[in-house]
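Report on the following structure.
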Amino acid sequence: MRYADLHTHTFHSDGTRSPKEVIDVAAAAGLDILAISDHDNLAAYFEISDYAATAGITLIPAAELSAEFHGVDVHILAYAFDPADRAIQSRLASFRATRARRGELICERLGEHGAPVSLERVRELAGQGSMGRPHVARALVEAGHAVDLQDAFDRYLKPGCPTYVSKERFSIPEAVSLIRGAGGITSVAHPTLYPDHRSLVPEILDHGVDAIEIIHPDVDEDSRSWYGALARSRKVGITGGSDDHGDAKMLKTLGTILVPETEIGAVLSRL
Ligand code: AMP
Ligand code: ZN
Ligand code: FE
Ligand code: FE
């Protein structure tokens, strides 16, 4: 039996590991199939696909897309598309550019609200990757304006805070057609993390999403069986992964979730 983790992050988004470290840790944990699903960024795939092959890991092209549905931030995992697809690359590049402008705007607002952080530091934390609120959160903690990352979100970065700035997001139909157009499939990430999710997720499926991520640290046994039944009744696939971010989210760790390859035939059949 081969095992997969289809949800991991690197420093090309808000994870702390390098792509090479993700491959090394995954191989040591006994994983055979891996997807690096950075937010709005494919850089890790190009950087590390040759190395993954030499380490005996099947690396699947992937990304975690930021989408909006009924005003809710929904994450759509995209898999097994042509990574060289021009439409995907240009759309993700424009998302990253607006993320960088939004980071500047958040820093300006923080300065106006008595919690100045250095934009240079936020840029450094984001590196060459997709800039996000988690990078600003780390800078807020370092500057002493918050005790930890959660506190930084609660005080400054959540919707409703005067220093909150929204970002550009896909509509679900756009995400689905962009990924389908390049031969890939989509999956609703961590279904339990959305408000009123047991009515929201079935509606998301109405727009053509191909699978549900039922195996994830934030999906408990009860929800896993509920969403498993939903997937069967709607004839969509299932996916799973650890959502590893390295040190940025210690409770979600590469190697803690090993999905048997037989469970994720829908994704693997696209390879
Ligand atoms: P962004 O893509 O920049 O809007 O940041 C979204 C990321 O921030 C998510 O993937 C989470 O990792 C993190 N995040 C969002 N909301 C919260 C929250 N309330 N508390 C802690 N982390 C959060
Ligand atoms: Zn993340
Ligand atoms: Fe997510
Ligand atoms: Fe994620």
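If you line up the long axis of helix 221-234 against the longest principal axis of the chain, both from Cα atoms, how many degrees apart are they, to the nearest 10?
Around 60 degrees separate the two axes.
Can you give the net charge of the other residues whose Cβ lies under 14 Å from the Cβ of residue 265, counting K and R as +1 and D and E as -1?
On the way: positive: 2, 232, 235, 270; negative: 210, 261, 263.
Charge balance in the 14 Å sphere: +1.
Sum up the charges of everything whose Cβ sits under 10 Å from the Cβ of residue 243, counting Lys and Arg as +1 and Asp and Glu as -1, but leave residue 243 out.
Local net charge: -3.
Going by a ≥ b ≥ c, the root eigenvalues of the Cα gyration tensor, does segment 169-271 fall in the rounded group (a/c under 1.5), the prolate group (a/b larger than b/c) or the oblate group?
Values: a/c = 1.37, a/b = 1.26, b/c = 1.09.
Rounded.
Can you count the Lys pairs in the chain with C-alpha separation below 25 Å, eight or more apart or on different chains?
Lysine pairs, 8 or more places apart or on different chains, close enough: 7.
Would you mind checking the tilt of helix 172-181 against the longest principal axis of the Cα atoms of the chain, expressed as 0 to 90 degrees and rounded to 10?
Helix 172-181 sits at roughly 50 degrees to that axis.
Rounded to two decimals, what ratio of Rg to Rh does segment 99-249 give with C-alpha atoms and a Kirkwood Rh? Don't skip to the end; give the middle numbers.
Details: Rg = 18.1 Å, Rh = 17.4 Å.
My calculation of the ratio gives 1.04.
Working from Cα positions, state the angle (0 to 90°, nearest 10) between the long axis of helix 133-142 and the longest principal axis of the chain.
Approximately 50 degrees, to the nearest ten.
Express in % the proportion of alpha carbon pairs of segment 194-234 at distances exceeding 17 Å.
The proportion of pairs with Cα distances above 17 Å equals 24 percent.
How charged is the neighbourhood of residue 120? Take every other residue with its Cβ under 15 Å from the Cβ of residue 120, and add Lys/Arg as +1 and Asp/Glu as -1.
Local net charge: -1.
Let me know the charge dipole size of segment 115-271 about its Cα centre in debye, to the nearest 20, where only the beta-carbon of Lys, Arg (+1) and Asp, Glu (-1) is charged.
360 debye
Helix-only mean residue ellipticity at 222 nm, the chain, DSSP H runs n ≥ 4 weighted -39,500 (n - 2.57), per residue, nearest 500. What is it?
Helix-only estimate at 222 nm: -12000 deg cm²/dmol.
Please compute the contact order of segment 1-77 in relative form: average sequence separation of alpha-carbon pairs under 8 Å and at least six residues apart, divided by the residue count, as a percent.
Once normalised by length, the contact order is 28 percent.
For segment 233-271, which trypsin sites (Lys or Arg not before Pro) are both in a DSSP coil and crowded by at most 12 other Cβ atoms within 10 Å? Present the calculation step by step, with values, prior to reporting the outcome.
Values: sites: 234, 235, 249, 252, 270; in loops: 235, 249, 252, 270.
For trypsin sites (Lys or Arg not before Pro) across segment 233-271 that sit outside H, G, I, E and B with at most 12 neighbouring Cβ atoms in 10 Å, the list reads 235.
Arranged by the count of other C-beta atoms within 10 angstrom, fewest first, what order do 187, 37, 94, 130 take? Each step should come with its number before you reach the end.
Numbers: 187 31, 37 34, 94 12, 130 26.
Ordered by Cβ neighbours within 10 Å, fewest first: 94, 130, 187, 37.
What is the antiparallel percent of DSSP beta bridges lying wholly in segment 25-125, to the nearest 5?
65 percent
May I ask for the Rg/Rh ratio of the chain, computed from Cα atoms with Rh as the Kirkwood radius, given to two decimals?
Dividing the radius of gyration by the Kirkwood radius yields 0.96.
FYI, it's all coordinate maths here, none of it is from the lab. Keep in mind it's a predicted model, so treat the numbers as computed, not measured. Neighbour counts are summed over all protein chains in view; Cβ atoms, including those assigned to glycine, are modelled from backbone coordinates with ideal geometry.
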